[in-house]
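Engineer: Structure below; questions to follow.
Bear in mind that the values in this text are calculations on the coordinates, not laboratory data. Small disclaimer: the values here were computed from a predicted structure and weren't measured. Here Cβ is always computed from backbone atoms with ideal geometry, including for glycine, and neighbour counts include all displayed protein chains.
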Amino acid sequence: MKCETCAFYQAEKSQCRRNAPVPMTQGNAATAQWPTVAADDWCGEYQAKDATKAA
Ligand code: SF4
């Protein structure tokens, strides 16, 4: 169970896309971004890629 095998992992940018982008600040600029995660991270929302394809 790792982000790299999760249905919500976007590998190109190493982002979690389980939820909508969240507000963040970069310097003085406000933006919305998906959380950056590591390939070997995980969380309780994990869903295997194959499980969502079957649904
Ligand atoms: S395991 Fe959790 S943090 Fe990682 S990609 Fe899946 S939903 Fe996101």
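Engineer: For the chain, which GluC sites (Glu not before Pro) are in a loop by DSSP, counting at most 11 other Cβ atoms within 10 Å? Can you show the working numbers first?
Structural biologist: Details: sites: E4, E12, E45; in loops: E12, E45.
Listed in order of number, the matching sites are E12, E45.
Engineer: Taking only the alpha carbons of the chain, what extent do you get along each of the three principal axes, in Å, biggest first?
Structural biologist: So the extents along the principal axes, rounded to whole Å, are 42, 22, 21.
Engineer: Just how large is the dipole of the chain about the Cα centre, in debye to the nearest 20, putting +1 at every Lys and Arg Cβ and -1 at every Asp and Glu Cβ? Write down the numbers at each step before the final one.
Structural biologist: Numbers: 6 positive and 6 negative charges, 32 e Å.
Using only the charged Cβ atoms, the result is roughly 160 debye.
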